[in-house]
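In what follows, a single structure is set out as structure tokens and then discussed.
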Amino acid sequence: MKQIYTTLGPKRREELGMILPHEHVFVDLRTPDRPGYAKAEVDDVVALMVPQIEAIKRQGISLLVECTTGGVGRRADIDLAVSKAANFPIVVPTGNYREPWIPSWVAEASDVDLEQWMVAELTEGIEDTGVLAGWIKLSAGDDGITPLEARILRAAARVSVRTGAVIGSHTIRGRVVMEQLDILQSEGCAAERFISIHTQEEKDFQLHKALVERGAWIEYDHVGRAPDEDVVALIMDALEAGLGKRLLISHDLGWYDPAQPGGGTPRPYTHLVESLLPMLEIAGASRDTVRQLTEANPFDAFAR
């Protein structure tokens, strides 16, 4: 039976309700070679972020996917502390972001070592936290995937085949996502185990359809960051085009930023339930469709 691996252990479908598939608890967008990178007091992060989690718990959200990966400040120990304090499961990734956020040890690792590192985090745990990674988060350059990014993607593809873990990639242009799917295919990894993150940034809607036709998940993760009318219109277009069974929706918001005094001011994860879902129903989306977008689809994407 498939389940999602979280900070609070594996969760089955019947244990979960609505899922936010793309959010951030902790992010550091300074490169890993910068002084102070990813440094913060755990208690400070807990104090700032637990109220954000409590707010979505009250809305009926049952799980959040942490999208901060290697290179942009992943701290599984912090995710675990926030999760325990809020009694709320969080899904933590393995993998690494794009250049120039790739640390030297990842750039210098052999293909075998990259693969073994990700497999170990998915099956044994991240560092000394005891938390199993729940998925693989990567990225590719806006103008095309670099040789180093492609090498990491190839390793991730082999890991996905071995473990069943889904791969998600921050990739802005649809043509670059298509290149990524070609790489996955060459490694024997099915497109069904790939999430095109930030699909809304590709303005050619035909490419959204092409990605789904190849089997990939598409993700509109600008809820609360773009005008509601625009987000609703895009989702309704996707539903009318038959893309609803491969569509994920989320905010891409949060978070504690160690580069800012006191961690900065987090942006809440509440807009989806508070505003967007009612607007979707007014626009004609059925309750069953809303449940598919917020419950079934994210579970199917991240479960293994």
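The values are calculated or read from the model by the stated rules, or taken from the named source; none is laboratory data. Source: prediction; values computed, not measured. Glycine also receives a Cβ, built like all others from the backbone with ideal geometry; neighbour counts cover every protein chain displayed. To get the accessible areas, we keep the full protein, side chains included, count just its heavy atoms, and leave off ligands, DNA and RNA. Shrake-Rupley method; radii C 1.70, N 1.55, O 1.52, S 1.80 Å.
Given Cα positions, please report Rg to Rh for the range 128-228, the hydrodynamic radius being the Kirkwood one.
On the way: Rg = 13.7 Å, Rh = 13.9 Å.
So for the range 128-228, dividing Rg by the Kirkwood Rh gives 0.98.
With a threshold of 26 Å on the Cα-Cα distance, the over-threshold entries among Lys11/Lys209; Lys2/Lys39; Lys39/Lys84; Lys2/Lys245 are Lys11/Lys209; Lys2/Lys39.
Multiplying the residue separation of Asp43 and Arg162 by 0.36 nm and subtracting their alpha-carbon distance yields 39.2 nm.
Which whole-number value in Å³ per residue fits the convex hull of the alpha carbons of the range 1-79? Numbers along the way, then the final one.
Details: hull volume 7.7 nm³, N = 79.
Expressed per residue, the convex hull around the Cα atoms of the range 1-79 is 97 Å³.
Tell me whether the range 151-194 comes out rounded, prolate or oblate; compute the Cα gyration tensor, take square roots of the eigenvalues as a ≥ b ≥ c, and use a/c under 1.5 as the rounded threshold. Kindly include the intermediate steps, with their values, before the conclusion.
Working: a/c = 1.84, a/b = 1.64, b/c = 1.13.
Prolate, because a/c is 1.5 or more and a/b exceeds b/c.
Could you tell me what percent of the accessible area of the range 1-156 is made up of carbon and sulfur, with a 1.4 Å probe and every protein chain present?
Details: 3060 of 6160 Å².
So the carbon and sulfur contribution to the accessible surface is 50 percent.
Measuring only protein heavy atoms, the 1.4 Å probe finds Arg193 accessible over about 50 Å².
Taking 8 Å as the Cα distance limit and 6 or more residues as the minimum spacing, I'd like the relative contact order of the chain as a percentage.
Details: 613 pairs, mean separation 64.1, N = 304.
Worked out over the chain, it gives 21 percent.
With a cut-off of 8 Å between alpha carbons and a minimum separation of six or more residues, what is the relative contact order of the range 227-304 in percent? The partial results should precede the final answer.
Working: 53 pairs, mean separation 27.9, N = 78.
Worked out over the range 227-304, it gives 36 percent.
Ordering of 120-126, 16-22, 240-246 by packing is 16-22, 120-126, 240-246, highest average first (other Cβ atoms within 10 Å, averaged per residue). For the range 19-130, the fraction of alpha-carbon pairs lying more than 22 Å apart is 35 percent, rounded to a whole number. When restricted to Cα atoms, the chain yields an Rg and a Dmax of 17.9, 53 Å, respectively. Taking packing as the residue-averaged number of other Cβ atoms within 10 angstrom, the listed peptides 69-80, 293-304 run from highest to lowest as 69-80, 293-304.
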